[in-house]
Amino acid sequence: QVQLVESGGGLVQAGGSLKLSCAASGTVGSIAAVGWHRQAPGKQREEVAGITSTGRTVYADSVKGRFTISRDNAKNTVYLQMNSLKPQDTAVYYCNAELYNSARNYWGQGTQVTVSS
């Protein structure tokens with residue numbers, strides 16, 4: 001079992017920055033990759049960034065150059081640094097953990113990010 005807790009969301013003006021955290025607990029050694037996803041009202045959930053256990057990162061085109069995903073293994077935490085935020089980045093942001101050799105994945109409860117124009 002893996003538990004994920006997101007934090008760091010809030011209200012920010014366009015052009016501002018926020019840093020989200022995803023703290024993992026439980027069988028963290030079984031985690032192969034962690035991704036940040038977001039869901040805006042009326043839209044499908046989309047993955048915006050991901051990082052594997054080997055440190056490989058991927059980004060959605062919409063956030064490349066503005067968002068940076070990183071991790072602190074000692075703290076079992078994955079971060080999403082979001083710069084140059086736009087109103088269209090407004091969404092609930094969730095982190096997701098994929099496990100080795102398993103179809104199971106885990107979700108956090110989400111954190112709201114609101115970017116005002």
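Descriptive notes on the structure:
- FRET efficiency estimate (nearest 0.05) - Cβ-Cβ, Val58 to Gln13, R0 30 angstrom: 0.60
- Once the 1.4 Å probe is applied to the protein heavy atoms, the chain comes out at 53 Å² accessible per residue.
- Working from Cα pairs under 8 Å separated by at least six residues, relative contact order for the stretch 11-65 is 22 percent.
- Enclosing the Cα atoms of the chain in their convex hull gives a volume equal to 97 cubic angstrom per residue.
- Cleavage-rule hits, chymotrypsin sites (Phe, Trp or Tyr not before Pro), the stretch 87-117, DSSP coil, Cβ neighbours within 10 Å at most 15: Tyr100
- Counting only protein heavy atoms and a probe of 1.4 Å, the accessible surface of the chain is 48% carbon and sulfur.
- Once C-alpha pairs closer than 8 Å and six or more residues apart are averaged by separation and normalised to the residue number of the chain, the relative contact order reads 37 percent.
- As a rough guide to protection, the peptides 45-58, 21-34 ranked by mean Cβ packing within 10 Å, highest first, stand as 21-34, 45-58.
The values are calculated or read from the model by the stated rules, or taken from the named source; none is laboratory data. The model shown is predicted, which means the values in this text are computed figures rather than measured ones. For neighbour counting, all protein chains shown are included, and Cβ atoms are generated from backbone atoms with ideal geometry for every residue, glycine included. We work out accessible area using only protein heavy atoms, side chains counted, and drop any ligands, DNA or RNA first. Shrake-Rupley method; radii C 1.70, N 1.55, O 1.52, S 1.80 Å.
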